[in-house]
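What follows is a set of notes on a single structure, which appears directly below.
Each value in this text was obtained by applying a stated rule to the coordinates, not by laboratory testing. In this text, all values refer to a predicted model and were calculated from it rather than measured experimentally. Virtual Cβ from ideal backbone geometry, glycine too; neighbours counted across all protein chains shown.
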Amino acid sequence: PQALSNFVWAYATAGHAAPALFEAVAGETVAQVGDFTPQGLTNMAWAYSTAGHAAPPLFEAMAGEAAARVGEFTPQGFANTTCAYATAGHAAPLLFEAVASE
């Protein structure tokens with residue numbers, strides 16, 4: 001899974017739009033979301049928000065996983081993840097409540 005987040009992170013950083021690629025990676029990520037590290041989830045959220053690629057099922061899956069594993073995130077990971085969700089305009093109440101409770 002780390003390779004997936006690194007891959008889309010690179011595209012987002014380069015500013016290269018690749019909608020078909022982002023859709024394919026989103027589908028794979030939803031299927032493997034439990035295998036991602038907290039940093040991998042953060043990187044994935046950042047990449048999609050930076051690329052401006054809306055992927056609601058992906059953001060929902062990552063939010064649920066991150067909320068369930070909130071104790072594994074660093075403070076910087078919290079900040080980066082919630083910032084990515086805010087930038088993407090994706091409300092994730094469960095995630096934000098879990099972060100606030102830490």
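Scanning segment 81-102 for residues that are of a type in the set (S, T, N, Q) and more than 11 Å from the chain's Cα centre (by Cα) gives 87, 101.
Residues that are part of a helix (DSSP H, G or I), of a type outside the set (A, V, I, L, M) and more than 18 Å from residue 85 (Cβ to Cβ) within segment 1-21 comprise 2, 6, 7, 11, 13, 19, listed in sequence order.
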